[in-house]
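Heads up: the structure comes next, in structure tokens.
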Amino acid sequence: NVLKLYGASHCSRPALLVCEDAANGPLINYLARESKSNTFDQSVMSGMFLQAATGLKFLHEHKIVHGNLKSDNILVTADGTVKLADFGLGVLALQNQAILDNTFEELGWRAPDCQKKNALRRPSFQDDIYSLGLCLIDVLVPEVSSIADDSSTNASKRVGEEGFDPLSSKVTSLIRDDKARELVAGMCQVEPKNRLLLREAIDWKVAGENKG
């Protein structure tokens, strides 16, 4: 569940990457389209998110922090397989290099402890957990989705915008499934040490599916 990289050129600026095709685009857009179908099953959404978590688990098992996880970087191939993309900054973490937090243009997708301007630090596995929790909210709650238009939401902030609080009552009250609400709460804790581990998040999701 990680997008394949076939080749690259460092001679061009920006660098040219040749990757596996993800014909269905970002997961959030794919689900928005599919949800309009009368045959759409909510379990499809759950299964696809589990694929994304499995892709992240693969990276973490290989000591790679994604470091730039957001909905735009969770893609869907032509056959409906979910793939993670754009984890170049994670390679820096693998090389034990620190990066400036303001390297990221979209700080709203990052954990609160990562949003300190000009802070030099290495991305962590728990940073990815928080970001994955935001991606889960993005697909679960259309009212605050990153792709919602201004007329479809009453929220002051959307997922991915700086200042968005995933644990505010305005957001959590919109998560209709109790298990999903608990999962989001576990992944999006402010303190990194209080966040679920990735294997715990996956086990939580699988357990919820089995009970369903």
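The values are calculated or read from the model by the stated rules, or taken from the named source; none is laboratory data. Nothing here was measured: the structure is a model prediction, and the numbers come from that model. When we count neighbours, we look across all protein chains shown, and the Cβ atoms used for this are built from the backbone with ideal geometry, even at glycine.
Can you work out which of the residues in region 1-58 that are over 17 Å from LEU134 (Cα atoms), modelled with pLDDT of 90 or more and polar (S, T, N, Q) is nearest to the chain's Cα centre (by Cα)? Ranking the qualifying residues of region 1-58, first place goes to ASN1. Looking only at residues in region 74-90 that are crowded, with 20+ Cβ neighbours inside 10 Å and in a loop (DSSP other than H, G, I, E, B), the one that is modelled with the lowest pLDDT is PHE87. Based on what the data block shows, is ALA111 more than 20 Å from TYR30 (Cβ to Cβ) and either hydroxyl-bearing (Ser, Thr, Tyr) or at pLDDT below 90 (or both)? Taking the combined requirement at face value, the residue satisfies it. Restricting attention to region 32-69, the residues that are within 23 Å of ASP203 (Cα to Cα) and assigned to a helix (DSSP H, G or I) add up to 20. Scanning region 61-73 for residues that are at negative phi and surrounded by 15 or more Cβ atoms within 10 Å (Cβ to Cβ) yields a total of 9.
In this structure, LEU197 qualifies as aliphatic (A, V, I, L, M), modelled with pLDDT under 95 and exposed (fewer than 15 other Cβ atoms within 10 Å of the Cβ). When you check VAL65 against the structure, is it in contact with a Gly (Cβ under 8 Å, 6 or more places away or on another chain) and hydrophobic (A, V, I, L, M, F, W, C), yes or no? Yes; evaluated as a whole, the condition is true for this residue. PRO123 meets each of the listed conditions (1) in contact with a strand residue (DSSP E or B) (Cβ under 6 Å, 6 or more places away or on another chain); (2) modelled with pLDDT under 90; (3) of a type outside the set (Asp, Glu) apart from (1).
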